[in-house]
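Asker: Questions regarding the structure given below will be posed in turn.
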Amino acid sequence: MALFFFEKLQALFSQLRGQKTKREVERKKLLTMMAHDISQSRYKKFLKIKTEEAEVEMAKFFFDIYKSIGKAQVFLQKTMQVPQFKAYVVESFMNEKLLGMIETLTAEAITERGKTMRPEMLGVQIKKELAALSEAFDLNVIKHIDKSYNIILRLINFVIFNYYDLLVRFDNNMPENDFDYQPQFTKTLGEKISGNLKDFMEVAYAMDIDLDWKRAIKIINAYKNVEIISIEQWNKLLVKLQDVQSSSIFLLIVRFVEKSPVWQVKPTIPKEHIVEAWLEERRLEAQEALEKLLAMRKNSVVSAIATQIFGDVEMIDKLTNYTDEANELYFARKLNGYTHTIELRYLRAFMQTIFKNDVYPIVDLFLVKGQWANHPLSQHMSEAVHLISAILRKINAFDRSLALSTEYGDKLRLYIAKSEREKSYIKYSNNLFKTINNEAQDIISSTGQSLIVIGRYIKAFIDDKQQKKYEFILNWKELEASTEVDILVTLQNCYKKIYDIIRLLQIFSNPSGSDSKNKE
């Protein structure tokens with residue numbers, strides 16, 4: 001039984017050796033055929049078969065290409081790195097009407113338009129203009145532009161190929177970018193340049209003579225308004241490349257010197273899509289310009305209202321931890337940070353000064369000494385005042401909760417430190433910021449609602465006092481006798497301050513930053 005097993009194993013190995021030998025025989029046969037094909041080619045002087053040396057004739061072939069396009073290499077290498085070139089290609093296909101439309105959608109143009117138009121109205125208009133621009137690029141136009149750009153990329157890939165690295169193997173003393181140099185080429189082993197030949201074929205095999213090279217070169221030359229490449233010279237080069245490619249001489253040489261008869265070329269065929277990206281860039285540029293205008297308008301309105309409320313805004317105390325200064329660290333690490341710092345600062349200042357010193361005393365007078373025609377209404381107002389009175393303590397407690405020694409503070413310090421090394425902690429940090437900012441928003445929203453309630457009652461007091469017959473508060477004369485201030489004037493001033501702080505909070509809560517001016 002064991003003997004039978006070893007006999008089968010021996011037979012298997014013999015079969016494998018036979019297959020290997022057969023493949024080797026076939027490979028040698030193919031290599032012999034390739035040697036014959038090279039020797040019969042019109043480019044047979046490129047390689048010496050017996051020694052497998054690349055001849056001087058091959059070096060001369062590449063040096064001719066190098067001289068004809070070498071001066072364009074530096075320019076085209078830089079062109080590949082300039083994002084504006086893609087935009088230039090797209091815009092080279094546009095008529096004057098479309099080019100004019102683009103001019104009105106630049107950041108500079110939008111900023112200028114914003115001087116005579118409200119940002120909200122300008123935003124609607126720009127949205128329509130962007131839609132019209134997008135509609136101008138149907139699928140056929142997009143396909144045509146992308147195709148032209150990819151032809152340009154084929155050309156650039158061919159031009160910026162490292163010819164010098166190949167040529168210097170034939171002449172060690174050859175300087176780079178000296179196109180007047182008279183080289184002293186000598187033979188070199190084929191295996192030393194086979195890698196260069198492979199790289200060359202990848203770009204050369206993409207040079208289809210039937211492509212629209214005229215337009216590609218026209219765009220390149222027009223980009224800097226100088227002739228980088230001569231179309232006549234390029235056409236001659238394409239004919240030469242097509243002849244070399246049809247002979248398969250470089251493919252045969254690589255296969256022969258590397259003893260790899262089945263190796264195949266994989267041409268570099270660019271397949272980039274630039275139109276959609278270009279349209280998105282125009283949209284983003286317009287959007288950013290609009291957002292900047294909205295932010296400027298918002299800041300202007302906020303500053304004006306804050307000055308009406310507080311006078312010198314610079315004198316308002318900042319919170320200790322929930323601040324814009326703290327955000328500098330967070331923004332530097334690409335984190336969301338605190339999003340309600342300004343409105344919370346103004347709200348606390350309002351509670352510390354205006355509500356405490358102006359609003360509360362007059363409202364308390366009506367709650368304590370006023371005779372209400374409808375007692376449940378006084379209870380409703382009393383509840384709003386009670387909620388408002390606790391807000392200042394709530395804001396300060398919230399601010400203290402972000403100190404370093406607190407739960408929030410410790411977590412933030414840990415997450416931010418780790419976010420520099422582990423990307424997952426960026427998400428953890430931003431989730432924590434979301435929780436914190438939601439707390440701030442809850443404080444602002446609940447305070448705003450209570451202030452609206454109080455504002456409505458103050459407005460009711462004002463309207464009632466200006467009537468001949470009182471229907472809301474029944475003892476106005478007693479109230480006026482119990483205080484030295486002019487009640488009506490005080491109520492009007494307090495209502496104006498409450499109205500202004502509500503407007504201020506609404507501006508921050510409005511995504512567009514507009515001031516609705518809706519009186520509550």
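The values are calculated or read from the model by the stated rules, or taken from the named source; none is laboratory data. This one's a predicted model, so the numbers in the text were calculated from it and none came from an experiment. Counting neighbours? That spans all protein chains shown, and the Cβs are built from the backbone with ideal geometry, glycine included.
Asker: Could you check ASP324 against (1) assigned by TED's automatic domain parsing to the domain that holds GLY409; (2) surrounded by 13 or more Cβ atoms within 10 Å (Cβ to Cβ); (3) within 30 Å of PRO83 (Cβ to Cβ) and say which number it fails?
Answerer: Going through (1) assigned by TED's automatic domain parsing to the domain that holds GLY409; (2) surrounded by 13 or more Cβ atoms within 10 Å (Cβ to Cβ); (3) within 30 Å of PRO83 (Cβ to Cβ) one by one, ASP324 breaks only (3).
Asker: Right, next: Name the helices (runs of 4 or more DSSP H) wholly inside the stretch 171-259 in which the number of residues that are in contact with a helix residue (DSSP H, G or I) (Cβ under 8 Å, 6 or more places away or on another chain) and among the small types (Gly, Ala, Ser) is 3 or more.
Answerer: On the way: elements: 190-204, 213-223, 231-247, 249-257.
Result: 190-204.
Asker: Within the stretch 232-250, track down each residue that is under 25 Å from ILE145 (Cα atoms) and either acidic (Asp, Glu) or within 37 Å of the chain's Cα centre (by Cα) (or both).
Answerer: The answer is GLU232, and nothing else.
Asker: Also, quick follow-up: Being surrounded by 12 or more Cβ atoms within 10 Å (Cβ to Cβ), touching a helix residue (DSSP H, G or I) at 6+ places or on another chain (Cβ under 9 Å) and at pLDDT below 90 narrows it down to one residue among LEU279, LEU329; which is it?
Answerer: LEU329
Asker: Further, regarding this structure: Please count how many residues of the stretch 287-300 are buried (at least 17 other Cβ atoms within 10 Å of the Cβ) and either in the same structural domain as ARG118 (by TED's automatic domain parsing) or among the hydrophobic types (A, V, I, L, M, F, W, C) (or both).
Answerer: Residues flagged as buried (at least 17 other Cβ atoms within 10 Å of the Cβ) and either in the same structural domain as ARG118 (by TED's automatic domain parsing) or among the hydrophobic types (A, V, I, L, M, F, W, C) (or both) within the stretch 287-300 amount to 4.
Asker: List the number of the failed condition for GLU291; all other conditions in (1) over 39 Å from the mean Cα position of the chain (by Cα); (2) without any contact (Cβ under 8 Å) to a residue 12 or more places away in the chain hold.
Answerer: (1)
Asker: OK, next. Show the residue pairs meeting these rules: Cβ distance below 9 Å; 6+ apart or different chains; first residue within the stretch 309-325 and more than 12 Å from TYR346 (Cα to Cα) and touching a residue at least 12 places away in the same chain (Cβ under 8 Å); second residue outside any helix (DSSP H, G or I) and of a type in the set (Lys, Arg).
Answerer: Filtered contacts from the stretch 309-325: ASP324/LYS318.
Asker: Does ILE151 satisfy the condition of being modelled with pLDDT of 90 or more, assigned to a helix (DSSP H, G or I) and closer than 30 Å to LEU241 by Cβ?
Answerer: Taking the combined requirement at face value, the residue satisfies it.
Asker: Name the residue, out of TYR470, TYR415, TYR425, TYR408, that is part of a loop (DSSP other than H, G, I, E, B), at pLDDT below 95 and assigned by TED's automatic domain parsing to the domain that holds VAL363. Before the answer, list the steps.
Answerer: Details: TYR415 fails: part of a loop (DSSP other than H, G, I, E, B); TYR425 fails: part of a loop (DSSP other than H, G, I, E, B); TYR408 fails: part of a loop (DSSP other than H, G, I, E, B).
Exactly one residue qualifies, and that residue is TYR470.
Asker: Continuing with the same structure: If you check LYS517 against the conditions, is it more than 17 Å from VAL302 (Cα to Cα), of a type outside the set (Val, Ile, Thr) and modelled with pLDDT under 95?
Answerer: no
Asker: Here's something else I'd like to know. Would you mind finding the one in GLN352, GLN371 that is touching an Asp or Glu at 6+ places or on another chain (Cβ under 9 Å), over 19 Å from GLY448 (Cβ atoms), assigned by TED's automatic domain parsing to the domain that holds ILE502 and not basic (Lys, Arg)?
Answerer: Being touching an Asp or Glu at 6+ places or on another chain (Cβ under 9 Å), over 19 Å from GLY448 (Cβ atoms), assigned by TED's automatic domain parsing to the domain that holds ILE502 and not basic (Lys, Arg) holds for just one of GLN352, GLN371, which is GLN371.
Asker: Looking only at the stretch 447-461, decide whether some residue is touching an Asp or Glu at 6+ places or on another chain (Cβ under 8 Å) and not in a helix (DSSP H, G or I).
Answerer: no
Asker: Just to be sure, is ILE444 within 49 Å of the chain's Cα centre (by Cα), assigned by TED's automatic domain parsing to the domain that holds HIS380 and surrounded by 14 or more Cβ atoms within 10 Å (Cβ to Cβ)? Please lay out each step first, then the result.
Answerer: On the way: within 49 Å of the chain's Cα centre (by Cα): yes; assigned by TED's automatic domain parsing to the domain that holds HIS380: yes; surrounded by 14 or more Cβ atoms within 10 Å (Cβ to Cβ): yes.
Against the criterion (within 49 Å of the chain's Cα centre (by Cα), assigned by TED's automatic domain parsing to the domain that holds HIS380 and surrounded by 14 or more Cβ atoms within 10 Å (Cβ to Cβ)), ILE444 qualifies.
Asker: Mind checking which residues of the stretch 158-207 are within 46 Å of the chain's Cα centre (by Cα) and of a type in the set (Phe, Trp, Tyr)?
Answerer: Correct list: PHE158, PHE161, TYR163, TYR164, PHE179, PHE200, TYR205.
Asker: Ok, one more. Tell me, yes or no, whether the stretch 336-357 has at least one residue that is over 39 Å from the mean Cα position of the chain (by Cα) and not in a helix (DSSP H, G or I).
Answerer: No, there is no match, as no residue in the stretch 336-357 is over 39 Å from the mean Cα position of the chain (by Cα) and not in a helix (DSSP H, G or I).
Asker: Looking at the stretch 18-38, is at least one residue outside any helix (DSSP H, G or I) and either modelled with pLDDT under 90 or surrounded by 14 or more Cβ atoms within 10 Å (Cβ to Cβ) (or both)?
Answerer: No.
Asker: Let me ask something additional. What residue, of LEU432, LEU451, LEU412, is of a type in the set (A, V, I, L, M, F, W, C) and within 30 Å of ASN493 (Cβ to Cβ)?
Answerer: LEU451
Asker: If I ask for residues that are surrounded by 16 or more Cβ atoms within 10 Å (Cβ to Cβ) and without any contact (Cβ under 8 Å) to a residue 40 or more places away in the chain, which ones from the stretch 78-93 would you list?
Answerer: none
Asker: Step by step: first the residues of the stretch 46-103, then only those that are in contact with an Asp or Glu (Cβ under 8 Å, 6 or more places away or on another chain) and not in a helix (DSSP H, G or I), then the one that is nearest to GLU227 (Cα to Cα). Which residue is that?
Answerer: My answer is LEU47.
Asker: In this structure, is ASP486 at pLDDT 90 or above, surrounded by fewer than 17 Cβ atoms within 10 Å (Cβ to Cβ), under 18 Å from VAL368 (Cα atoms) and not hydrophobic (A, V, I, L, M, F, W, C)?
Answerer: Details: at pLDDT 90 or above: yes; surrounded by fewer than 17 Cβ atoms within 10 Å (Cβ to Cβ): yes; under 18 Å from VAL368 (Cα atoms): yes; not hydrophobic (A, V, I, L, M, F, W, C): yes.
So ASP486 passes the test.
Asker: Turning to a different aspect of this structure: Of the conditions (1) surrounded by fewer than 19 Cβ atoms within 10 Å (Cβ to Cβ); (2) touching a Cys at 6+ places or on another chain (Cβ under 9 Å), SER424 fails just one. Which one is it?
Answerer: Tallying (1) surrounded by fewer than 19 Cβ atoms within 10 Å (Cβ to Cβ); (2) touching a Cys at 6+ places or on another chain (Cβ under 9 Å), SER424 fails exactly one: (2).
Asker: Restricting to the stretch 341-373, name every residue that is farther than 20 Å from THR483 by Cα, surrounded by fewer than 16 Cβ atoms within 10 Å (Cβ to Cβ) and touching a residue at least 60 places away in the same chain (Cβ under 8 Å).
Answerer: ALA373
Asker: If you don't mind, there's one more thing I want to ask. Could you tell me which of the residues LYS60, LYS67, LYS50 is exposed (fewer than 13 other Cβ atoms within 10 Å of the Cβ), out of contact with any strand residue (DSSP E or B) (no Cβ under 7 Å at 6 or more places or on another chain), assigned by TED's automatic domain parsing to the domain that holds PHE161 and farther than 30 Å from LEU293 by Cα?
Answerer: Among LYS60, LYS67, LYS50, only LYS50 is exposed (fewer than 13 other Cβ atoms within 10 Å of the Cβ), out of contact with any strand residue (DSSP E or B) (no Cβ under 7 Å at 6 or more places or on another chain), assigned by TED's automatic domain parsing to the domain that holds PHE161 and farther than 30 Å from LEU293 by Cα.
Asker: If you check ASN225 against the conditions, is it under 19 Å from VAL82 (Cα atoms) and surrounded by fewer than 19 Cβ atoms within 10 Å (Cβ to Cβ)?
Answerer: It is true that ASN225 is under 19 Å from VAL82 (Cα atoms) and surrounded by fewer than 19 Cβ atoms within 10 Å (Cβ to Cβ).
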